[in-house]
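Just below is one structure, and these are the notes that go with it.
Taken together, the values in this text are just the output of simple stated rules run on the coordinates, not laboratory data. Fair warning: this is a prediction, and the values are worked out from it, not measured in the lab. Cβ coordinates were reconstructed from backbone atoms using ideal geometry, including for glycine residues, and neighbour counts include every protein chain displayed.
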Amino acid sequence: MNRKEFLKLTSSGISLLPFLSLPIEGKETSPQPKTLVLIELKGGNDSLNTFIPYKEKLYYQLRPKLSVPADKIISLNGTLGLHPVLTEMKDIWNQGKLALFPGIGYEDPNRSHFRSIDIWDTASDEDEFLSEGWISEIFKANNIPEGLIAHGIIIGSDDEGPLFGRGMRNVVIQNIRKFLNDAKHSEEEEIGVLQKEIKKYNGINPSLSHILTIQKNLLISSIKLREKIKKPVQLKIKFPQNRSGKNFELAAQIIGSEVPIPVIKITLGGFDTHKNQKPKHEKLLKELSSSLASFEKAMKELGRWDDILVLSYSEFGRRVKENGSDGTDHGAAATHFALGGKVKGGIYGTFPDLNALHKGDLKYTTDYRSIYRTIVEDWWTFKNHGRIDIKDKIKLSFL
Amino acid sequence: MKFISLVLFFFYISGSIYSISYEEARHLLHRTGFGASEDEIQALIPLDYEKAVENLLNNTRTTAIGKKPNLNEKKKLREKLQIWWIEEMLDTPSPFTERMVLFWHNHFVSAMSKVPPKFMYKQNLLYRKNAFGNFAVLLEEITKDPAMILYLDLQSNKAEAPNENFARELFELFTLGEGKYSEEDIKQAAKAFTGYSIKHKTGEFHFNKNQHDISKKNCMGVSGRLIGEDIIKEALIKKRGMDVAKFITKKVWLEFVSNKINNKEIQRIAKVFHGSNFEIKILMKEILMAEDFRNPDNYGTMIKSPIELIVGTLRTLDSDVENTGTLISFSKRMGQDILNPPSVKGWEGKELWISTHSLAVRKQFLTRVTRGQEMKRKKQMMMMKVSSESPLNWEFTPKNKTKLLSLLLPIPSVFQPEEEDDDMDDFVHWALIDPAYQMK
């Protein structure tokens, strides 16, 4: 963001400080926008095979086929280690910028994708039904400046998740290629197509025509928003050319354009590994790790490493005992991670006891909303929680 | 010899001409149920259209398959009752029954905002018992139903100060429609209904002689010392029977057939309904056999209600969400809080179901439902033979992709798939998000 734009935003009278990185002491730099980069591991990541308690005998007993041999594991601290393909994450750990949160979950875990992701996205209890995303609620409770072009960018999915809510200005980018290539033209095309369909169905199916008209209105709002996001920058760093890599590359380019966007949500699919988990999960983890490495380098190239916070989440972990199809079924508590220039590396929380499983699943030791509270109060420095019930959740000191 | 083979050939063709097609079966099921699973469609295919309609009507139920909900605890009774009913919709072998219960719930409206859940439950059982029974009986029973009496303040309708609320709604919303009765008719009917009340704890109907106006009344040309029953039996069913039949037929038409009124057809069907002495099964058969219903131009021209979208999708994909309360929450967000309609007019529905917000919620629901592989719903397997796999588990082949579109969409998709779909989950997701899936 250049000086002129920055002044324009701050002169609106509302404090933008929560969304800006404070300049480093002694350095003559203007504050830069901060971005929370959420990584949604869609389907329920098997974190037990990602962050591995490799000294636990039960890990090998309950996973005769799926467990990773101890000598292959990348040790972090003598008891917890990384899956062998996560070499790049070990580098970030060595820099002291990788934080791990074992045993993340909540009371009475739900094991359906549908309900459980709803719980995570709305910061609710198992038997509580909230309709808007937790970030949407937090932003609404804390007077977000009108000058912000968009609240969130959604990449890799059409589910706004934590950012879903009335009045939220989110940009959903499902087709990266389309978004990058001459955005304006293809969008006018999209509206044209809808207009044509509306006309076509007008006489023969007026109800469908009505739905398409509503859809057109949604599209017009979304296009107006997309147009305001400057053309994303070109980066020197190369990203892996798989789904994961392209998603992270786009996020990096958007961050590089210096338009203040508080949250970017990236969805990586394929983690619902019921069958033949070994090769599938390994591929996903490798793609994740190498994408994260490129992302880290890109942030450093842009001088923005200190301005970003990457955080993983998933609807649940997976069962400790492997199933009969060389895979794992829906579980409960899981280990998640955060990384970024301002992160204080380390392990925050207790790894669940494999000898004290709850219905065959890892029992949570830290409520997932502890992470949320830490972000709300320490990353954004917001005072208000709105309707989000996190005031009694113990914060983690990774920021 | 030639003649015989010609005759046999004719019978061969006519057999296949008259048996129901996949699209006809799907349309019939979509309009009378909640979505349509591959199993349900295949079950009808060996039959001809009329037999298929009769099959659906013969399999209707008068009782719920689910266990009675525990309405004795004080906590979260409303949610408990809503969950009980949605689970009935998810698991019943006769979705047509629940669609009809929903229809009566939206016709003879009562709501939890005013009525205790235990009486809403009783009313729900009444609707199911009479859903496909006799309308005249249902009408009489509803005037003695505790939920209705409380909702329309009938118990405060006393001789000294008659409360016209009930009589007005009875004529305007339940039986005749606006303009088909006079203000005097309402006053007289209100007098006839004085004394109708319930015992507060049990909800048992109680005719309070002390509060009843015994004077002579004249309502719609029927005179005498009329009581409530007489208004129903003599004035509405006997005297104005044809008007009542037309009113109900039109409502059923708008719910099941089309947004386009065909007065001639409605008149014809109303006559049959009236002639049968208000047998609902006969009405519904006429409705489903009507040309306007069967016409392929009519496929996919009505918008699914929130409940139809939610229950239909889960039944078709055979998915379990492990906490039915979330479905109630989604239905609320889409504008349909079951057992709690916003006013005595019920949900107007149709295009009003769709706004920028509700469309966003509907899409979020559909995206969530295809997020991953869920457990199968533990249905009462004895009741419903579930043999085929959820479409999410079908092998990802071009043939199955075509098959899936035929299963899910009542009309061709509006858009074409853009990206290369990774797997069946992605493709099903794309199909559900297409605007055509919002239709039935």
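Observations
- Residues whose placed amide H lies under 5 Å from that of A:Ser75, excluding near-sequence neighbours: A:Leu82
- Distance between the pseudo-spin-label points of B:Asn393 and A:Asn175 (7 Å out from Cα toward the beta carbon): 3.4 nm.
- DSSP beta bridges fully contained in the protein assembly as shown are about 50 percent antiparallel.
- Reduced Cα scattering model of the range B:306-438, Debye log10 I(q)/I(0), q = 0.18 Å⁻¹: -1.09
- A:His274, A:His83 arranged by Cβ crowding within 10 Å, fewest neighbours leading: A:His274, A:His83
- Cβ-based net charge around B:Leu126, under 12 Å, with every Lys or Arg adding one and every Asp or Glu removing one: +1
- Computed over the range B:109-217, the P(r) tail beyond 20 angstrom holds 41 percent of alpha carbon pairs.
- Of the trypsin sites (Lys or Arg not before Pro) found in the range B:59-132, those in coil by DSSP whose Cβ has at most 11 other Cβ atoms within 10 Å are B:Lys67, B:Lys74, B:Lys75.
- DSSP-assigned coil residues among trypsin sites (Lys or Arg not before Pro) in the range A:31-75, each with at most 10 further Cβ atoms within 10 Å: A:Lys65
- Sorting B:His212, B:His200 from the fewest to the most surrounding beta carbons within 10 angstrom yields B:His200, B:His212.
- Given R0 = 45 Å, the distance between the Cβ atoms of A:Ile237 and A:Lys200 translates into a calculated FRET efficiency of 0.45.
- Taking amide H positions as modeled 1.01 Å from N, with prolines and chain starts lacking one, the residues under 5 Å from A:Ser21 and 5 or more places away or on another chain are A:Gln32, A:Lys34.
- Using the Cβ-Cβ distance between A:Asn94 and B:Asp422 with R0 = 41 Å, the FRET efficiency computed as 1/(1 + (r/R0)^6) comes to roughly 0.75.
- Three semi-axes describe the equivalent ellipsoid of chain A; taken as square roots of 5 times the Cα gyration tensor eigenvalues and ordered largest first, they are 35, 26, 21 Å.
- Distance between the range B:94-121 and the range B:330-362 - C-alpha centres, whole angstrom: 15 Å
- A Förster radius of 35 Å combined with the Cβ-Cβ distance from A:Asp392 to B:Glu73 puts the calculated FRET efficiency at roughly 0.85.
- Cα-centre dipole for the protein assembly as shown with unit charges at Cβ (Lys and Arg positive, Asp and Glu negative), debye to 20: 740 debye
- Applying the Karplus relation 6.51 cos²θ - 1.76 cosθ + 1.60 with θ = phi - 60° to the range A:356-365 yields 3J(HN,Hα) values of 10, 6, 10, 6, x, 10, 5, 8, 5, 10 Hz, where x marks Gly and Pro.
- Inter-site label distance for A:Ala141 and B:Ser413 at 7 Å from Cα along Cβ, in nm: 4.1 nm
- Proxy reagent accessibility, fewest Cβ within 10 Å first, across A:Lys278, A:Lys97: A:Lys278, A:Lys97
- Mean separation of Cα contacts under 8 Å, 6 or more apart, over the residue count of the range B:306-438: relative contact order %: 27 percent
- Potential lengthening between B:Asp292 and B:Ser343 on full extension [0.36 nm per residue; Cα-Cα distance subtracted]: 15.3 nm
- Once backbone amide H atoms are built at 1.01 Å from N, A:His358 has A:Lys363 as its partners under 5 Å, excluding neighbours fewer than 5 places away on the same chain.
- Chain A, helix-only ellipticity at 222 nm - DSSP H runs n ≥ 4, -39,500 (n - 2.57), divided by all residues, nearest 500: -11000 deg cm²/dmol
- Model label points for A:Lys283 and A:Leu218, set 7 angstrom from Cα along the Cα-to-Cβ axis, are 3.1 nm apart.
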